[in-house]
Amino acid sequence: MNFSTTRMSSKGQIVIPEEVRKTLHLKEGDQFFIIGRGDTVILKAITPPDAEELDDFLKEAQKAAKKAGINKSDVKKMVQKVRKNK
């Protein structure tokens, strides 16, 4: 775990120190979820799931859809309905 200090600019920008960026493999364009409460601010890097996690999620979703009796044509109809309502 790395500890460091930083300052906020007049524009509200905060620099994440280089050592922390390197340790966490952060790069330009990475996105964060921000939680603020009292005098505490937490930044949580938003990372996409890896291929295995995504595959597991899709399998669970397919099982749930099958259990609920939802098939591909039902999904297609739902998508078309949502697109028409935009």
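What follows draws every value from the coordinates through simple rules; no lab data is involved. Please read these numbers as outputs of a predicted model, since none were measured by experiment. Please note: Cβ atoms are built from the backbone with ideal geometry, for glycine as well, and neighbour counts cover all protein chains shown.
Annotation note: Cβ proximity below 9 Å between a residue of segment 22-39 that is within 17 Å of GLY12 (Cα to Cα) and a residue that is surrounded by fewer than 10 Cβ atoms within 10 Å (Cβ to Cβ) and among the hydrophobic types (A, V, I, L, M, F, W, C) (sequence gap 6+ or interchain) occurs for GLN31/ILE46; PHE32/ILE46; PHE33/ILE46. Checked against (1) assigned to a strand (DSSP E or B); (2) among the β-branched types (Val, Ile, Thr); (3) in contact with a Pro (Cβ under 8 Å, 6 or more places away or on another chain), THR6 meets all criteria but (1).
If only one of ASP74, ASP55 is acidic (Asp, Glu) and over 24 Å from the mean Cα position of the chain (by Cα), which one is it? Let's see the steps before the verdict.
Details: ASP55 fails: over 24 Å from the mean Cα position of the chain (by Cα).
None of the other options fit; the residue is ASP74.
When THR5 is tested against (1) exposed (fewer than 10 other Cβ atoms within 10 Å of the Cβ); (2) in contact with a strand residue (DSSP E or B) (Cβ under 8 Å, 6 or more places away or on another chain), just one condition goes unmet, and that condition is (2). Restricting segment 28-86 to residues that are among the small types (Gly, Ala, Ser) and under 30 Å from PHE3 (Cα atoms), the residue that is surrounded by the most Cβ atoms within 10 Å (Cβ to Cβ) is ALA45.
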